[in-house]
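The values are calculated or read from the model by the stated rules, or taken from the named source; none is laboratory data. Everything numeric here is computed off the predicted structure, so don't read it as measured data. Note that we place each Cβ from the backbone using ideal geometry, even for glycine, and neighbour counts take in every protein chain shown. The accessibility values were calculated without ligands, DNA or RNA, using every heavy atom of the protein model including side chains. Shrake-Rupley method; radii C 1.70, N 1.55, O 1.52, S 1.80 Å.
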Amino acid sequence: MSPVLLELRGLEVNYGGIRAVKGIDLEVREGELVCLIGANGAGKSTTLRAICGLLAPRAGSVRYSGADTAGVPMHELPRKGLVMVPEGRGIFAQLTVEENLFMGAFTRSDIGIAQDLEHQYETFPRLKERRTQTAGTLSGGEQQMLAIGRALMARPRLLLLDEPSMGLAPRLVAKIFEIVREIAAEGVTILLVEQNARLALEVASRGYVMESGEITLADVSAALLANPKVREAYLGEGAG
Amino acid sequence: MVNGLTLGAVYAIVALGYTMVYGIIQLINFAHGELVMIGAMVAFTVINLLAAAGMPPLAVVLIGTACAIPVCMLVGYAMERLAYRPLRQAPRLAPLITAIGVSIILQHLAMLVWSRNVMAFPQIIPLTSYSFLGAIVTGVQLTIVGLCFAMMAGLALLVYRTRLGTAMRATAQNPQVARLMGVDVNRVIAATFIIGAALGAVAGVMFGTYYGVAQYTMGSVLGLKAFAAAVLGGIGNVPGAMVGGLVLGVVEALGAGYIGELTDLCRYGLGPEARCADGGHFVLFGSNYQDVFAFVVLILVLVFRPSGLLGERVGDRA
Ligand SMILES: Nc1ncnc2c1ncn2[C@@H]1O[C@H](COP(=O)(O)OP(=O)(O)O)[C@@H](O)[C@H]1O
Ligand SMILES: [Mg+2]
């Protein structure tokens with residue numbers, strides 16, 4: 001088995017007095033595509049925010065690439081390859097499409113940036129057509145492509161995706177999942193947070209199920225897809 | 001008109017300091033005017049010393065400015081670091097009140113250092129004037145306008161064409177996501193203060209040189225006018241501050257020129273006869289009301305077009 005790239009141990013995260021994540025264990029190995037599914041409000045986004053340093057854990061640890069991330073300034077993490085596409089995309093609406101992409105490569109200074117930009121434009125031809133437009137003028141689907149392309153500009157080792165299919169038309173949802181699969185095929189390790197459990201489990205090799213701040217199930221995707229509880233609660237099928 | 005353009009260019013440079021800081025942390029840095037004052041005071045001190053030593057005028061002014069810039073940058077940085085950064089998460093009123101406090105503190109410190117007296121600019125610059133498109137332009141005016149435009153162009157390049165500038169705009173729009181991209185937001189904010197302070201220092205020297213005097217209170221009115229200019233252009237908007245400054249300067253100069261004529265009651269046959277006889281005047285508001293225009297403009301903008309001339313929607317960044 002490949003080495004562990006991300007490891008959460010007893011992770012607890014609070015918002016003031018609200019316990020959003022209640023001591024979870026989770027690991028992602030190098031090269032894996034793992035998904036974290038659960039209902040709205042389960043604590044998935046909070047978990048991702050704690051991984052990338054936006055929130056400080058109340059207890060427990062986040063280890064990335066063998067080192068505890070506590071005390072590492074948040075802006076150092078993308079340089080180490082830990083990159084997140086936040087919930088709601090978080091594009092810079094008043095920057096142009098191309099400036100957004102360059103922001104993704106902010107921590108880099110190597111000569112590969114221009115080449116990577118071309119690569120994003122090949123993957124997302126719409127972005128190339130709109131490179132000089134401000135990003136706020138893009139459609140929802142295009143903004144999601146931009147958010148993903150921007151994250152890829154950082155050359156991530158571990159990509160955290162928070163609900164990339166949220167609010168998109170079915171055709172676009174399928175397209176986004178196809179892109180996720182391609183990114184994984186290029187060797188990027190991915191932790192995918194989704195409410196669309198079926199599609200997430202179909203692309204991921206393993207999955208975690210989160211309920212009110214706790215991990216209640218963890219297994220390979222096929223087993224989760226076959227699990228009656230999962231089928232009932234997350235795949236929209238009646239019991240039995 | 002030329003006078004208005006010159007002052008307007010200086011307002012624009014000062015307004016940039018307000019607008020950049022507002023754009024990035026939504027703080028109206030009321031102490032920015034004091035930075036401009038400190039720039040002028042430091043430069044004047046150095047200039048007077050060097051002029052007394054008989055150095056050539058150009059070198060004197062350049063060295064004076066070169067001393068003012070780092071001092072202001074340091075004060076600007078210290079102000080961000082010590083006064084505003086600890087309040088970054090606080091409700092918006094807290095840093096605003098702090099800004100007023102910083103302004104008062106700096107003004108009084110300046111009073112302690114330089115006393116209440118007006119510092120005069122030594123008579124070292126020869127008064128040359130040129131005729132340009134029918135207007136009489138002095139060398140000082142030309143230099144100020146030229147320098148201001150050069151600084152504006154430089155700043156526009158920095159903001160719109162460099163990595164730091166892109167990071168500044170990204171941080172202004174969404175600091176959380178900028179951090180996700182690996183931007184050290186604290187450094188970007190500090191850089192914004194420092195750049196604004198450097199511009200302010202030069203503006204202070206220019207303003208002081210133009211009027212030939214500098215005093216510890218000069219920052220208040222100049223600062224408020226530049227703030228009005230920033231609001232006029234749309235606060236948070238870099239090109240807006242430039243346009244706002246120039247427009248305000250010209251409005252002010254034209255207003256000052258015509259207000260006497262327009263409020264001359266004799267024109268309307270309303271003045272007392274003793275005064276109006278033989279083409280006399282009875283002026284209600286003379287050109288000493290010049291300063292009022294900035295604030296009339298400010299109020300009009302706030303009432304009719306709060307988003308300013310180059311209107312970025314207010315509340316765009318919640
Ligand atoms: N900024 C916040 N302040 C307070 N509570 C929050 C905040 N964000 C999320 N929560 C709460 O934390 C819990 C987990 O939220 P979240 O991690 O966003 O869930 P998910 O991403 O799984 O939908 C929810 O109960 C939510 O109401
Ligand atoms: Mg969420």
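Worth pointing out:
- Aspartates and glutamates with Cα under 16 Å of A:K22, excluding same-chain neighbours fewer than 8 positions away: A:E7, A:E12, A:E211, A:E214
- Neighbouring Cβ atoms from other chains, within 10 Å of the Cβ of residues in B:180-191, number 6 on average.
- Within straight-line reach of A:K175, meaning a Cα separation under 29 Å, sit the following lysines at least 8 residues removed in sequence or on another chain: A:K44, A:K80, A:K128, A:K229.
- Most mobile of B:S220, B:S307, B:S115 in a GNM of chain B (Cα contacts under 10 Å): B:S115
- Portion, in percent, of the accessible area of the stretch B:2-304 that falls on carbon or sulfur, probe 1.4 Å: 70 percent
- The angle separating the long axis of helix B:2-25 from the principal Cα axis of greatest extent in chain B is about 20 degrees.
- Protein accessible surface hidden between B and A, which excludes ligands and nucleic acids, total in Å², probe 1.4 Å: 1900 Å²
- Per-residue SASA entry for B:L96, accessible area with 1.4 Å probe, Å² rounded to 10: 50 Å²
- Semi-axis lengths (Å, descending) of the ellipsoid that matches the C-alpha gyration tensor of the stretch A:152-229: 21, 15, 12
- Looking at the protein assembly as shown, the DSSP beta bridges with both ends there are about 60 percent antiparallel.
- Between A:L192, A:L201, A:L26, the GNM of chain A built on Cα springs shorter than 10 angstrom shows A:L26 fluctuating the most.
- Using C-alpha pairs under 8 Å with a sequence gap of at least 6, the mean separation divided by the residue count of the stretch B:2-304 gives a relative contact order of 35 percent.
- Any cysteine of chain B lacking a neighbouring Cys Cβ under 4.7 Å - listed by number: B:C67, B:C72, B:C148
- Under 5 Å from the amide H of A:R206 lie the amide H atoms of A:L33, A:C35, A:S221, each residue being 5 or more positions distant or on a separate chain, with H modelled from the backbone and absent for Pro and chain starts.
- Using alpha-carbon coordinates, inclination of helix B:57-78 to the longest axis of chain B, degrees: 50 degrees
- Database remark: amide H of A:L5 closer than 5 angstrom to the amide H of A:V28, A:R29, A:E30 (H placed geometrically; neighbours at sequence offset of 5 or more, or on other chains; Pro and chain starts carry no H).
- Rounded to the nearest Hz, the phi-derived 3J(HN,Hα) couplings of the stretch B:224-231 under the Karplus curve 6.51 cos²θ - 1.76 cosθ + 1.60 (θ = phi - 60°) are 5, 5, 5, 4, 4, 5, 5, 5, where x marks glycine and proline.
- One quarter of the surface of the convex hull around the alpha-carbon atoms of the stretch B:2-304 equals 19.1 nm², the direction-averaged projected area.
- The stretch B:251-258 - phi-based ³J(HN,Hα) in whole Hz, Karplus 6.51/-1.76/1.60, Gly and Pro as x: 4, 4, 5, 5, x, 4, x, 9
- Shape summary of the protein assembly as shown, radius of gyration then Dmax from alpha carbon positions: 29.8, 108 Å.
- Whole-Hz ³J(HN,Hα) from phi, Karplus 6.51 cos²θ - 1.76 cosθ + 1.60, for the stretch A:123-136, glycine and proline x: 5, 10, x, 4, 5, 5, 4, 10, 4, 9, 7, 6, 5, x
- Projecting the Cα atoms of B:V301, B:P56, B:T263 onto the dipole axis of chain B, where Lys and Arg carry +1 and Asp and Glu carry -1 at the beta carbon, places B:V301 farthest toward the positive end.
- Top of B:V21, B:V250, B:V231 by mean-square fluctuation, Gaussian network on chain B, Cα under 10 Å: B:V250
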